[in-house]
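Scroll down for the structure; my scribbles are underneath it.
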Amino acid sequence: MTHEIVMPQLGITMTEGSVLRWLKAAGDSIEKGEPLFIVQTDKVDMEVESPGKGFVTDVLIQEEVVVPVGTVIAHVGDSMAKAAVAAAPVESVRVRRNGPLVSPRARRVASELGVDLAGIPGSGEFGRIRECDVRAMFNNRPQKSEDRSATSARKRIAEKMEESAGTVPQFSLRRELDAGPLSAVRDQLLAVVESREGVRLSFTDFLLKAMAVALKEVPGMNASWQKDHIEPRTGINLGFALQSPTRLLVPVITGADQLPISRLARRRSELSAKAKEGKLDPREMQDGSCTLSNLGAFGVDEFQAIVNPPESCILAAGRIGPRPFVIDGQLVVRPTLRLTLTVDHRVADGVLGAKFLDAIAKAIEQPLLLLA
Amino acid sequence: MPVDLVSALYRSMQRMRQFELKIQHTYRSGVMPGFIHLYVGEEAVAAGVCAHLSKDDYVTSTHRGHGHALAKGVPVNEAFAEIWGKPSGINGGRGGSMHIYDPACGFLGTNGIVAAGIPIATGAAMATALRGDGHVAVSFFGDGAVNNCAFHEGINLAAALLLPVVFVCENNLYATETPFHRVTKNTNVSTRGAAYGIPGIRIDGNDVLEVHRVAGEAIARARAGEGPTLIECETYRPLGHFEGDPGTGYRSKDEIAEWKLRDPIDRLAKNAVQSGAMKEAELLKIEREVELEIEAAYEFAKASPEADPATVTHFVYA
Amino acid sequence: MPEDRSIQYVEASVEGLQEEMRLNSSVFYIGQGIGARGGNFKQSKGLWEEFGDKRVRDMPISELGQVGMGVGAAMAGARPVVDIVFLDMIMEAMGQIVEQAATIHYTSNGKIKVPLVVRAAMGSARCTGPHHSRCFYSWFAHIPGLKVVLPSSATDVKGLMKTAIRDDGPVIFIEHKFFYNKKGPVPTGEFTIPFGQANVCRKGKDVTILAMSLMVWHAMDAAAQLEKEGISVEVIDPRTIVPFDEQTLLESVHKTGRLLIVDEAQSFCGFSAEAAAMVASKAFDSLDAPVSRLGALHTPHPFNPVLEAAMLPSVDAIVTEVRRLVAS
């Protein structure tokens, strides 16, 4: 016998409903009492069971289509041969092929889009793959090349951090600075730098400049550990960490000491843009003396970064914000900047590191020193 | 006996006879496709009736219609080629024996469907009546057609509408192999006219002058707007139903022999000579002329090339 | 643009006849009860008054004779219209249509034309029963040489009637009884509708419905209902089965990927099978679901209204089938 499956009345106020999800497809076998679909009304989602054992001979509405209560939405029959229903469509014997059914249109579209049919779930009758299924697969395809690079980039970062953590003995030094003078100078220079270089001067630029000046003052920090000796560097190249859409990148500004801050800002901006578009040349990420990592924009007050070998150190900057500060024995509220310098102990001891950090601090607290 | 008429009728009948015999001969040699139904023995009917018709009058015919075609004016060469299936035939070889059409002389077709031509003739008459041009239509059919609906409906309509059409039944006593009297209670076809309210007359179909006289009256009536007439011509085909049928399986040799004695061409010749209307030599001359005509037609058809398959899709729609 | 008036389908068809009869004096009209009575369905109303017995002549119940006469008259230079009234009765005249009218132009090698229109009404109009309801128009489509016309609107019936009468070959002109007294817009002024040009009655993008005659109306009703469920249906009325506008159908299937053919005639060996085969062959790579057909059940036509309703495709059945098609 054939059972008519109708949109059920669940509760006296229900006048219409939809199938939230078909749990069986046309052609599937089903047991009496086995859930066939989930009904969705404005009040409730509920499983509805098959009234009989047999096959789901047809499915008459799609999911999420709202129909009145009592509408016939499917049939469950003894066999796949449908009983004669008024003006029923002509039943033909469907020759079932092995393997997934694919509509000719889906096949054509898959070919045009270069989508592999294998593994596409078919939403059509008998699990047929239809055009919409192919298009869904195409639209949700993973970005293959970027994934690969992300994977290998991730691996590289992981490797580097492992190396750093495993082989580089590191120690950290902290300073909290009054960032008031820095803010003031930045404010004064904003307009000029904007008009001259077309970029917005940032705290990162000042920090980089400060690091450059500091490296000149404390050349001992401009070196790297090479297996068994300290190798001094020529040139002051500073890396600054930034997050592209997919990964961490550290572009390097070459000869940062020779760039006035406005030019350094522009260079920083250019490299940032390239990094975000994934267009950085590998040579633009090499040969850094040390790196600045500024998480201030993310609300981090202070943090400790990991040295990026073979660099000598890494400076972690936090958020500039109002904090309690002591000036001349008085407790005041100042905008402060917390810096944490992490040093490769093989290149520098605590005192050298402290001197370097001090040079940076002075340049920050007395920004005019950046001109010297 | 009017000489011109006799001469013309004789020529017409000779043409039909020799044509049919030549067709038979050619067909038996195996080069002609399809099948054919020969008019031999019935020439007087076609000759006598068609003598009254112009090219603007219409005729519908039967499967045994080569005689009607020639008598109505279908060119002999093209008729021969058509039966042979050659593209030089009057219908490009596409119709053959049972589908010969020539609107140039009002010949609206031999026909593979028995009796189908009867209402068609009525229709042609309707067209001429509408135009009021005084032309008529003649429907030829056999005894096999008279028990068919088309006979009944076609004649009734012609009678009810008073159309200018004449219905000529060639009763040769057999429809294919079936004797007429075996399947018909009232074997007097002419009496059926009364059923439709039209004159019905039965005549000796092998007496061409009698056919000519009666047909003339009927055709004149039609032209005058007095409506249709049914003429039953008693005649006979000494040959089989179709070429390949000996015709003796269902008829006695005596019967055939007896009718051969009443051959229409022989009868006319004899009467013409006896009455002095024509001399033997004149008749012979006509015979010879027709012989040449037919021989030329045969040669014409024989020399014609075969059809071009590419033309198969032409003229499906007008 | 000429203005539209709202007139009955049957009035529109009579207008078409009238206009052509005025234009060409060789056009005449015969059939049962079509004279003073104006036809069983008023399908010749006014013609006899205008043209008289000479050109509008009542006939006895002799369909074979009538059509045979039509053939002969057409061969002899007239342009007859033979009104069979009920399509079922055309059976009596099939020999003259199939063996004579359809073949003569071809067999005569183009020498003779048969400009004959045979007109009849098909289909069910509330229990007209087994002898007055058939829709076997596909039989004529099957015969080379015949054109087959199925107008489904007042505008179409007038425009197509004029084209039919002007056609130089035999045309089987099949109206639907149900349409006769239904009003529809018809432009004023002279216009004809060519054969072989389908009408896209409704544009859509999810499913194509090819429907004939009354089923066009059902398909439109179903489409309106389905629209509310977010299913966009394109409805195509071929208007003429021969010649058939393949291009419009194929383009539609290229767009939607799904085809439902709705026919009041039986599906088995009916015209819907031809359309389905055509699409399966020529639009194979555009099909996102198997071609579906809805037709009358494979039974003779019952008189009983409940049985008749069960036999014929309904608007509900169309809606249900479209939903299934979209889900498949």
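The charge dipole of segment B:1-84, taken about its Cα centre with unit charges on the Cβ of Lys, Arg, Asp and Glu (plus for the first two, minus for the last two), comes to roughly 240 debye. Overall, the ratio between the Cα radius of gyration of segment C:1-142 and 2.2 N^0.38 Å, rounded to two decimals, is 1.08.
Within chain B, helices built from complete DSSP H runs that reach 20 Å or longer along their own axis (Cα positions) and carry a mean Kyte-Doolittle hydropathy of -1.0 or higher are B:3-28, B:117-131, B:208-223, B:280-303.
For chain C, what does -39500 (n - 2.57) per DSSP helix run (n ≥ 4), summed and divided by total residues, give at 222 nm, in deg cm²/dmol to the nearest 500?
Computed ellipticity for chain C at 222 nm equals -10500 deg cm²/dmol.
Put one equal scatterer on each alpha carbon of segment A:272-353, apply the Debye formula with no solvent term, and list log10 I(q)/I(0) at q = 0.13, 0.23, 0.24 1/Å to two decimals. Log-scaled intensity ratios, in q order: -0.58, -1.07, -1.09. Solvent-free Debye calculation, one equal scatterer per alpha-carbon of chain A: log10 I(q)/I(0) at 0.07, 0.15 Å⁻¹ equals -0.58, -1.26. With all projection directions averaged, the alpha carbon convex hull of segment B:46-156 covers 6.6 nm². Treating the angle as unsigned and between 0 and 90°, give the value, to the nearest 10°, between the Cα long axis of helix C:9-23 and the longest Cα principal axis of chain C. Approximately 40 degrees, to the nearest ten. The alpha carbons of segment A:177-240 give a radius of gyration and a Dmax of 15.6, 49 Å, in that order.
What number, in percent, do you get for the relative contact order of segment C:112-247 if the mean sequence gap of Cα pairs under 8 Å and at least 6 apart is divided by its residue count? Computed value for segment C:112-247: 28 percent relative contact order. The GluC sites (Glu not before Pro) of segment A:255-350 meeting both criteria, a DSSP state outside H, G, I, E and B (loop) and at most 11 other C-beta atoms within 10 angstrom of the site's C-beta, are A:Glu277.
Within chain C, the longest run free of GluC sites (Glu not before Pro) that sit in a DSSP loop with at most 10 other Cβ atoms within 10 Å is C:4-189. Centroid-to-centroid, using Cα positions, segment A:1-77 and segment C:182-215 are 37 Å apart.
Relative intensity of segment B:112-268 on a log10 scale, I(q)/I(0) at q = 0.11, 0.19 Å⁻¹, equals -0.45, -1.15, per a Debye sum over C-alpha point scatterers of equal strength in the absence of solvent. Close lysine pairs were tallied over chain B: pairs 8 or more places apart or on different chains with Cα atoms under 21 Å apart number 10.
Note on segment C:170-212: the alpha carbon radius of gyration divided by the globular reference 2.2 N^0.38 Å gives 1.51.
Could you list, in their original order, any pairs among C:Lys147/C:Lys205; C:Lys45/C:Lys177; C:Lys182/C:Lys228; A:Lys160/A:Lys209 whose Cα atoms are separated by more than 19 Å? Too far apart for the 19 Å limit: C:Lys147/C:Lys205; C:Lys182/C:Lys228; A:Lys160/A:Lys209. Calculate how many DSSP beta bridges within the protein assembly as shown are antiparallel, expressed in % of all such bridges and rounded to the nearest 5. About 50 percent, rounded to the nearest 5. When every Cα-Cα distance of chain C is counted in 20 angstrom steps from zero, the calculated P(r) takes the values 33, 57, 10, 0 percent.
Structural size metrics of segment B:93-195, computed from C-alpha coordinates, are Rg and Dmax of 14.4, 43 Å.
Taking a straight Cα-Cα cut-off under 12 Å and skipping sequence neighbours fewer than 8 places away in the same chain, the aspartates and glutamates within cross-link reach of A:Lys53 are A:Asp28, A:Glu31, A:Glu34, A:Asp78.
Bridgeable aspartates and glutamates around A:Lys227 (alpha carbons under 19 Å apart, same-chain partners fewer than 8 residues away excluded): A:Glu159, A:Glu162, A:Glu163, A:Asp287, A:Glu311, A:Asp344, A:Asp349. Counting Cβ atoms of other protein chains within 10 Å of each Cβ in A:61-67 and taking the mean gives 4. Using only DSSP helix segments of four residues or longer, with each worth -39500 (n - 2.57), what per-residue ellipticity at 222 nm results for chain B after dividing by its residue count and rounding to 500? Value at 222 nm, helices only, nearest 500: -14000 deg cm²/dmol. Once you have the Kirkwood Rh of segment C:1-73 from its Cα pairs, apply Stokes-Einstein at 10 °C and 1.306 mPa s and quote D in µm²/s. For the chosen part, D equals 122 µm²/s. Scaled to the globular estimate 2.2 N^0.38 Å, the Cα spread of the protein assembly as shown, given as radius of gyration, is 1.59. The residues neighbouring B:Gln274, those whose beta-carbon lies less than 15 Å from its own, together hold a net charge of -1 under the Lys/Arg +1, Asp/Glu -1 convention. Would you mind checking the tilt of helix A:261-276 against the longest principal axis of the Cα atoms of chain A, expressed as 0 to 90 degrees and rounded to 10? Its long axis makes an angle of about 20 degrees. Stokes-Einstein diffusion for chain B, with the hydrodynamic radius set to the Kirkwood value over Cα pairs and evaluated at 25 °C in a medium of 0.890 mPa s, equals 124 µm²/s.
About the centre of its Cα atoms, chain B shows a dipole size close to 320 debye [charges on the beta carbon of Lys, Arg (+1) and Asp, Glu (-1) only; nearest 20 debye]. Compared with the dominant principal axis of the Cα atoms in chain C, helix C:246-256 is inclined by about 20°.
Using bins of 10 Å that start at zero, the share of Cα-Cα pairs per bin across segment C:177-328 amounts to 11, 40, 35, 13, 1, in whole %. When the trypsin sites (Lys or Arg not before Pro) in segment B:1-106 are filtered for DSSP coil states and for at most 16 other beta-carbon atoms within 10 Å of their beta-carbon, the remaining sites are B:Lys55.
When Rg and the Kirkwood Rh are both derived from Cα coordinates, the Rg/Rh ratio for segment C:162-243 amounts to 1.02.
I need the Kirkwood Rh of segment B:179-318: take the reciprocal of the average 1/r across all distinct C-alpha pairs and report it in angstrom.
It is 19.7 Å.
Is it possible to state the helix-based mean residue ellipticity at 222 nm for chain A, with each DSSP H run of 4+ residues giving -39500 (n - 2.57), the sum divided by total residues, to the nearest 500 deg cm²/dmol? What is it?
-9500 deg cm²/dmol
Show me the three semi-axes of the equivalent ellipsoid for segment A:113-268, from the C-alpha gyration tensor (sqrt of 5 times each eigenvalue), largest first, rounded to whole Å.
Details: eigenvalues 441, 124, 37 Å².
Each semi-axis is √(5λ); the values are 47, 25, 14 Å.
How many percent of all Cα-Cα pairs in segment B:72-114 sit more than 14 Å apart? Within segment B:72-114, distances greater than 14 Å cover 37 percent of Cα pairs.
Values quoted throughout were computed directly from the atomic coordinates according to the rules given, and no laboratory measurement underlies them. Predicted model, so just to flag it, every value in this text is computed and none were measured. Heads up, the Cβs are rebuilt from the backbone with ideal geometry, glycines too, and the neighbour counts pull from every protein chain shown.
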